[in-house]
1. Within the stretch A:51-77, track down each residue that is surrounded by fewer than 22 Cβ atoms within 10 Å (Cβ to Cβ) and more than 14 Å from every other protein chain (Cβ to nearest Cβ).
2. State yes or no: is B:Gly307 under 23 Å from B:Leu204 (Cα atoms) and either aliphatic (A, V, I, L, M) or touching a Leu at 6+ places or on another chain (Cβ under 8 Å) (or both)?
3. Can you tell which of A:Leu115, A:Leu80 is within 14 Å of another protein chain (Cβ to nearest Cβ), crowded, with 20+ Cβ neighbours inside 10 Å and in contact with a His (Cβ under 9 Å, 6 or more places away or on another chain)?
4. Of all residues in the stretch A:161-186, which are assigned to a loop (DSSP other than H, G, I, E, B), of a type in the set (Gly, Ala, Ser) and more than 16 Å from ligand 2 (Cβ to nearest atom)?
5. Report yes if some residue within the stretch B:37-51 is under 30 Å from B:Arg105 (Cβ atoms) and at pLDDT 80 or above; otherwise report no.
6. If you check every pair at least six apart or on different chains, which have Cβ atoms under 6 Å apart with a residue in the stretch A:170-189 that is within 14 Å of another protein chain (Cβ to nearest Cβ) and under 18 Å from B:Arg184 (Cβ atoms) first and a residue that is within 13 Å of ligand 2 (Cβ to nearest atom) and part of a loop (DSSP other than H, G, I, E, B) second?
7. Go through B:Leu41, B:Leu72, B:Leu62 for me and flag whichever is closer than 30 Å to B:Arg139 by Cα, assigned by TED's automatic domain parsing to the domain that holds B:Asn160 and either among the basic types (Lys, Arg) or surrounded by 14 or more Cβ atoms within 10 Å (Cβ to Cβ) (or both).
8. Using the structure shown, decide if A:Thr203 is assigned to a strand (DSSP E or B) and polar (S, T, N, Q).
Amino acid sequence: MVRNRLDEDAFGTRTDAETAAVRIRGLHKAFGDVRAVDGIDLDVKPGECFGLLGPNGAGKTTTIEICEGLTAPDAGTVELLGRNWLGHGDELRQLIGIQLQETQFPDKITVEEMLRLFRSFYRRGITVDEAVGRAQLEEKRRARVGGLSGGQKQRLAMATALVGDPELLFLDEPTTGLDPQARRHLWDLVERLKQAGRTIILTTHYMDEAEQLCDRVAIMDHGHVIALGTPKELIATVGGEDIVEFAVGEKETAGPHSTASASADFAQGRLSTPPLAKDASGSAQDERAKEIDLQALKAIPGVQSHRVEEALHQLSVSELHTAVPRIFAALEEQGLHLSEFRTHSATLEDVFVRMTGRNLRDE
Amino acid sequence: MNRLVLSSLYQLTVTRLKLTLREPEAIFWIFVFPILLAVGLGIAFRNRPADVLPVGATTPQLVEALAADKGLHATQMDEAAGARALATGNILLLAVADGNAVEYRYDETNPDARTARIIADRAIQIAAGRRDPVAAGNRLVHETGSRYIDFVVPGLLGMNLMGSAMWGLGFAIVDARAKKLLKRMVASPMPRWQYLASYLLSRLVMLAIEVVVLLGFARVVFGVPFRGSLVELALICVLASLTFSALGLLVASRARTIEAVSGLMNVVMMPMWIMSGVFFSPSRFPAILQPFIQALPLTAAINAVRGNMLQGTELGHMMTPLAILLAWFVVPFAVAVKVFRWR
Ligand SMILES: Nc1ncnc2c1ncn2[C@@H]1O[C@H](COP(=O)(O)OP(=O)(O)OP(=O)(O)O)[C@@H](O)[C@H]1O
Ligand SMILES: [Mg+2]
C-alpha cells in the first residue's frame, strides 16, 4: 500500500512495504488461572488475509483485542504497521478498522447516523455514502438498527470499520450466527477488501470460511498456535485429499455407540468396534466378532492414516476412486457390516481434529 | 480546537440527543411527570376558603354552641360513637359535657385538630356569655409567593434536574457498556473526553427544554413568581444539571448491569428526595442532621432556586449553595473520569 511506503516517519519507525503489517512476539495474557494467550508469535504480511481459527476459548478474541489496543498483554509485543501501542495509540487507532465480536449498536439510531458518527472520529476516510455502498446497505440507509437483520447488523459493523479507510482490518467472527446467504454476502465484501489490497485479520469457527477467504491461517488451541500455513498446506498435512468415515455394526442391531476405550485400542494398533449394548453381558466372543483388522485397511493403496472417534472410523485417503472399492472389499472380507459410510474432501476441520483429537465445535 | 474535534463532539452530542428523544419513557419522565406532579400538588394544596372542621359533641346544647361558628360542623354523638369517629378521622375533636364543664378530646399533634380545639373553645365560651375585651377585625390577603405551590415548584424543578441527569446518564452509559458499544467506541480514534462531554452537553440541551416547560407551566397555570434574575436562574439550573450529571457519571462509571446501576442510583438519590426539601422544609429534621442535609447537592440546588424565584436573592448572596454545587460537580467528575470503565 502506498501509505506503507513512508521510509522513516517522525518517530523513526521503519514502515516500508517489507515490514510486517502485524508482528506479534511472545504474547501472553492470563485471566486469573486461565492462560488465554500463552506464547504467540505471528507475522501478518501487508495485503494478506490472515485467519485465526480455533474452538471456543482458544484465545482468538484475546489475541485480536491485544492487537487492537483494547487489552494490555501480560508479556510480549505487538507492532502494527511498524508502530506499537505504547507510543502511537492515537495514530494507530486512525489507521485500523475494527469489528468486535459482540457489539450491539443502539436500536434507535439509523444506519446513516451511526456511520456519520463513526466517520467524524477519523481524520481521513471514505464518505458515509461510500461506506453505505461498500456494505451494501443502500436500502437500509435510513432504517433504524433495531429493524435490521443479523446480517445487515454485521454489515453495519463492517461499515463502521471501513469509514476510516483503514490499512488494516480486524474482524472478530464477522459471520457467526448468519444464515448461509448472509455469510456469502459478507464474504463478497471481504473479497473486495482483499482486492483493494487491505490487510485483514479475521477469526472464525467456520473452516469453509477460512479456506475460502484466508491466504494463511493460524489454528489456535488453548492459547497456542498449533498450526500455521496456507489452507492448502495445512490440509496437506492430513495426508490425503479426502476423508472416508464409516461405522460397522451387526445387521440386526445397527447403530454405533460411543466408547471411551476406542482411542486406547487405537494406540495398540488393533481396534474393536464398540459394544452394541452397554450392559456388561457383552461377552468377549461378541467383541471379537466385531474387530476390524486395521492392518488390512491401512495396506490399501491410497489410505494414509486412520483414527477412530465415537465408533466412527476415519481414514484419510488419496485416490478416493480406487481406494473406496477396496475398503468395501476389505470390510466384506472381514465379515463386517457397514452401518454408516460417507466421504468428504479434507478440510481444516480435519487438520484440527488430527492435531488435537477433538472436533472444533465440540467445546 | 479544530473543526474536526468540534465535529466529532457535535456528532456525539447529536447522537446522544436523538437517542434520548427517541425513548418514549424518557420523554414521559422528563417532561410529563413533573407537570403531572405540579398539577396534582397544585390541586391538593390550592388556597381554599378555610376548611370547615368536623367536630362532635355529647349534648344538644354543645352542638348548638359549636354550630354557631361557621368554621365548625358539629354532630351530636355519645362518647363511644365519638371515640370511634375520632379514631377514624371522621371528626377532629369531641366535646364531652361534664356537668357545667367541658372536656375536649383531640390529637394535639394534628394541626387541624389543634385549630378545632381553639375554635370550639371560643364558640362554647361565647355561647356561655364571654365578651372579648379587645375589638378585633379581619382583612384577608392571598399573596403569591407564599403558597404551597410556590414552595413546591422549585423543589420539583430540583428533583427533576437530579432525576433526569442521573437516570439519563446512568442508564445510557451502563447500557452502552453492557452492549459492548463503549468498547467499540474506545477502539476507534474517538477522544474519550468527548464521549463524556457529549453526555453533559446533551443534558444541557434537554435541561433548557425541561426547565422552560416546567417553569412556564407553573407560571401560566399557577402564577408562580419569578422575583430574581432569569439569567441567574438559568445559571443555577446549568450548574445544578452539571452537578447531577457528574454524579450520574460517577454512579455509572463502573457498573456493568442496569440492575447494579439502578440500585446505586436509588441509594444516592433516596436520601435527597426525602431530606432535601422537595415537598417540605428540611428544617423539620433534627438539628444533628442539618449539616449533612445542607451539604447535599439537591438541598443546595433547591435552596438556590427558591432564593432566586421566591426571594429574588442575587447569586452573590447565595455563595454557600453555589459552592456546594460546584464542589459536587468537580469532585465526582474528576473521580468518574479517573475510574471510568471503558469496557
Ligand atoms: N475478560 C475476561 N475475564 C476472564 N476470562 C476471560 C476474559 N476474556 C477471555 N477470558 C478467557 O480466556 C479464554 C480465551 O478467550 P477468548 O475470548 O480469547 O476465546 P475465543 O477464541 O475468542 O473464543 P470464542 O470462539 O468463543 O470467541 C477463555 O477461556 C475465556 O474464558
Ligand atoms: Mg472470540
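1. Selection gives A:Pro55, A:Asn56, A:Gly57, A:Pro73, A:Asp74, A:Ala75, A:Gly76, A:Thr77.
2. Answer is no for this residue.
3. Numbers: A:Leu115 fails: in contact with a His (Cβ under 9 Å, 6 or more places away or on another chain).
A:Leu80 is the lone residue from the list that is within 14 Å of another protein chain (Cβ to nearest Cβ), crowded, with 20+ Cβ neighbours inside 10 Å and in contact with a His (Cβ under 9 Å, 6 or more places away or on another chain).
4. At the first step, the residues of the stretch A:161-186 found to be assigned to a loop (DSSP other than H, G, I, E, B) are A:163-167, A:173-179.
Next cut, of a type in the set (Gly, Ala, Ser) only: A:164, A:177.
Passing the criteria: only A:Gly164.
5. No; the residues of the stretch B:37-51 include none that is under 30 Å from B:Arg105 (Cβ atoms) and at pLDDT 80 or above.
6. A:Phe170/A:Glu68; A:Asp172/A:Leu100; A:Asp172/A:Gln101; A:Glu173/A:Gln101
7. Every option except B:Leu41 fails the conditions.
8. It is true that A:Thr203 is assigned to a strand (DSSP E or B) and polar (S, T, N, Q).
The values are calculated or read from the model by the stated rules, or taken from the named source; none is laboratory data. All of these numbers come straight from a predicted model, not from anything done at the bench. Quick reminder, even Gly has a Cβ in these numbers, built from the backbone with ideal geometry, and neighbours come from all protein chains shown.
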